[in-house]
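Here the structure comes first, spelled out in structure tokens, and everything after it is commentary.
The values are calculated or read from the model by the stated rules, or taken from the named source; none is laboratory data. Values in this document were obtained by computation on a predicted structure and should not be read as measured data. We place every Cβ from the backbone using ideal geometry, glycine too, and count neighbours over all the protein chains shown.
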Amino acid sequence: MARGIEGSDVTGLPVVSLAEWRAPAGDPALFATRLVEACHEVGFLLLVDHGIDQEFIDGYFDALEAFFALPTETKSLIDKRLSPHFRGWERVGAEMTGNRIDFREQLDVSTENPAYPVDVRPEYLRLDGPNQWLPEEYLPGFRAAVNGFQARMGALADELMAILAVGLDLPADTFRVAFGERPLSFAKLISYPPTPPGEAGVNGHHDAGFLTILLQHRVGGLQVLNAAGDWIDVPFIPGAFVINLGEMLQAMTGNYLVATTHRVIAPAHRYSSAYFHGPDLRASLSPLDLDPHFTEAVANSPRHRDAGFMAKRDELLAGGAGIGGGAVPVFGEQMWNYYVRSYPDVVRLHYPGAV
């Protein structure tokens with residue numbers, strides 16, 4: 001099921017096939033245990049036999065490329081700065097990671113839950129709301145393609161959540177129940193120009209959500225920081241999805257499954273799309289009641305025991321490291337911290353006084 005793991009010094013990524021989990025004659029419990037063990041060693045894997053047909057993937061990337069080829073004045077109609085929910089298009093350099101500019105152009109969309117009142121508190125509840133979409137005549141079929149992507153990735157992520165739960169000796173629906181009434185997932189459609197020397201398409205970071213499903217398109221550039229402090233290239237394998245774990249899962253497993261630092265250095269123009277699986281903004285990130293052998297494994301591994309979280313914006317401005325902060329109690333606060341440190345200009349427009 002997995003290859004490329006040598007202790008905690010990862011020089012390759014596990015390659016995982018869902019065929020064994022889905023096979024009538026397979027042993028799903030054993031598969032889940034092996035997957036969780038692999039994820040414990042490294043929070044990244046390459047997923048094959050996932051069941052998403054290549055025809056859909058090709059059509060989706062055709063739609064993605066067509067969007068980014070539109071004139072700037074057209075894309076500006078859905079500029080992210082117009083949205084209090086942080087949805088929409090952004091120019092190269094609009095997002096920051098670790099207080100450094102990211103060299104990528106993006107379109108962000110999320111689950112379209114009903115918006116809370118504008119005076120709701122805490123403010124992170126206002127992250128729920130509508131996406132921004134171009135009128136259909138600008139790019140016929142685009143909205144349907146993006147919604148199809150989110151639906152397919154969401155179903156796959158739900159299956160992976162069940163596998164992880166079983167591998168942690170929990171009921172299969174543990175995480176689905178914990179996700180609550182109004183799960184909020186989001187997706188990024190990304191266009192990377194070649195990365196300038198000394199910069200990054202996206203700087204080193206952890207993902208804030210539960211898990212991420214990333215589709216690469218022809219060009220590599222994604223890199224993972226291994227336990228030895230080396231950046232390891234993630235290969236582009238046609239048809240394979242990159243799966244990585246987020247800080248939400250790290251918090252809920254008491255650091256047994258840790259988020260892994262990663263970045264992008266694009267060697268050429270690169271397209272990708274990432275789906276970030278997330279729960280209700282009110283969902284608790286408190287550690288689950290795991291079997292003692294999981295907590296003992298954390299205590300015996302400095303890499304896990306000492307794993308930190310992405311710093312808040314005020315910690316960065318005070319000179320703190322990009323990774324090294326503490327966990328927060330609920331998912332909404334986790335996402336709010338991400339937006340505040342990544343999009344301070346948008347926050348100033350819609351949440352005066354928050355930064």
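Residue-level check: of (1) crowded, with 21+ Cβ neighbours inside 10 Å; (2) in contact with an Asp or Glu (Cβ under 9 Å, 6 or more places away or on another chain); (3) of a type outside the set (A, V, I, L, M); (4) not in a loop (DSSP other than H, G, I, E, B), R143 misses just (1).
Just to be sure, is R126 crowded, with 21+ Cβ neighbours inside 10 Å and over 17 Å from the mean Cα position of the chain (by Cα)? Criteria met by R126.
Contact map, region 49-63: first residue closer than 13 Å to L215 by Cβ and in contact (Cβ under 8 Å) with a residue 60 or more places away in the chain, second residue in a helix (DSSP H, G or I) and β-branched (V, I, T), Cβ cut-off under 9 Å, separation 6 or more or different chains; pairs are Y60/V146; A63/V146.
Scanning region 294-310 for residues that are in contact (Cβ under 8 Å) with a residue 60 or more places away in the chain and touching a strand residue (DSSP E or B) at 6+ places or on another chain (Cβ under 9 Å) returns F309, M310. For region 88-108, the criterion of being surrounded by 15 or more Cβ atoms within 10 Å (Cβ to Cβ), within 18 Å of A283 (Cα to Cα) and of a type outside the set (D, E) is met by none of the residues. In this entry, R218 is excluded by the filter for residues that are more than 24 Å from L125 (Cβ to Cβ), surrounded by 18 or more Cβ atoms within 10 Å (Cβ to Cβ) and of a type in the set (D, E, K, R). In this structure, does V42 turn out to be in contact with a Phe, Trp or Tyr (Cβ under 9 Å, 6 or more places away or on another chain), crowded, with 20+ Cβ neighbours inside 10 Å and among the β-branched types (V, I, T)? When the stated conditions are applied, V42 does not pass them.
Taken as a whole, the structure leaves L225 outside the set of residues that are modelled with pLDDT of 95 or more and at negative phi. Taken over region 235-248, the criterion of being among the β-branched types (V, I, T) and surrounded by fewer than 22 Cβ atoms within 10 Å (Cβ to Cβ) is satisfied by I237 alone.
Selection of region 203-242 for residues being aliphatic (A, V, I, L, M), farther than 14 Å from I265 by Cα and more than 10 Å from the chain's Cα centre (by Cα) yields L215, A227, A228, I237, A240, V242.
Restricting the search to strands (runs of 3 or more DSSP E) fully inside region 173-244 and requiring at least 1 residues that are without any contact (Cβ under 8 Å) to a residue 12 or more places away in the chain, small (G, A, S) and under 23 Å from A327 (Cβ atoms) gives an empty result. Within region 290-304, the residues that satisfy the criterion of being in a helix (DSSP H, G or I) and within 27 Å of D280 (Cα to Cα) are F294, T295, H304.
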